[in-house]
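As structure tokens, the structure follows; a few thoughts come after it.
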Amino acid sequence: MYAWQNKINLSLPQVTEVQTPQVQDAPGEFVPYDECMTRVYIADPLPEERSALRLVLLDLHLEVVGEAADWATTLTHAPSLRPDMLLVDWSMLPKRSQNAALAELRAACPGALVIVLISHLDARQQAALSSGADSFISKGETPERVAERLRAVAAGIRPV
């Protein structure tokens, strides 16, 4: 369960209120990440967790283009929606072939960042990153920390 799930009124800083790193669009030209990373796909088996994530993403002015509660739906629908970022719950990945599953998702959505949602930070964190995820987010993070991680990943900075 997400730590922010029971919070109704989220007070996250807006993108324009903080000094957010920018990604380089062309040599010498920069574009704020929120102008290029706007379309997000959520893949999580629990509807209440998808709903909590949707609230955080909407507060960050990101568009949720689709959602899935299972892996097969994610692989079928996400590519046609052309997301910029995929938030995928680690528990949805096929247990015997997590590396292959993330590789398949990355091939289906080659331009998207893949962020893995993990319930417990342990060896799975390293496995997720070595399996091809761009980053991870613990489900125990505060809404502010989730927003910070999403901004950092979208800006091309690997969070600590």
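The values are calculated or read from the model by the stated rules, or taken from the named source; none is laboratory data. Just so it is clear, the model here is predicted, and its values are computed rather than measured. Here the Cβ is made from the backbone with ideal geometry for all residues, glycine too, and neighbour counts use every protein chain on show.
Considering segment 32-51, and only residues there that are modelled with pLDDT under 90 and part of a helix (DSSP H, G or I), the residue that is farthest from VAL116 (Cα to Cα) turns out to be GLU35. Among the residues making up segment 52-71, those that are among the small types (Gly, Ala, Ser) and modelled with pLDDT of 95 or more are GLY66, ALA68, ALA69. Which of the residues that make up segment 46-83 are polar (S, T, N, Q) and surrounded by 14 or more Cβ atoms within 10 Å (Cβ to Cβ)? Passing the criteria: SER51, THR73, THR74. Pairs meeting the criteria (first residue in segment 98-111 and in a helix (DSSP H, G or I), second residue surrounded by fewer than 15 Cβ atoms within 10 Å (Cβ to Cβ) and at pLDDT below 90, beta carbons under 6 Å, at least 6 apart or on different chains) are ALA101/PRO94.
Filtered by the rule that a residue be under 18 Å from LEU105 (Cα atoms) and of a type in the set (Gly, Ala, Ser), segment 39-72 gives ALA43, GLY66, ALA68, ALA69, ALA72.
Take segment 52-88 and flag every residue that is of a type in the set (Val, Ile, Thr) and either assigned to a helix (DSSP H, G or I) or without any contact (Cβ under 8 Å) to a residue 24 or more places away in the chain (or both). Step through it out loud before you land on a result.
Going through segment 52-88, the residues of a type in the set (Val, Ile, Thr) turn out to be 56, 64-65, 73-74, 76, 88.
Within segment 52-88, VAL56, THR73, THR74, THR76 meet the criteria.
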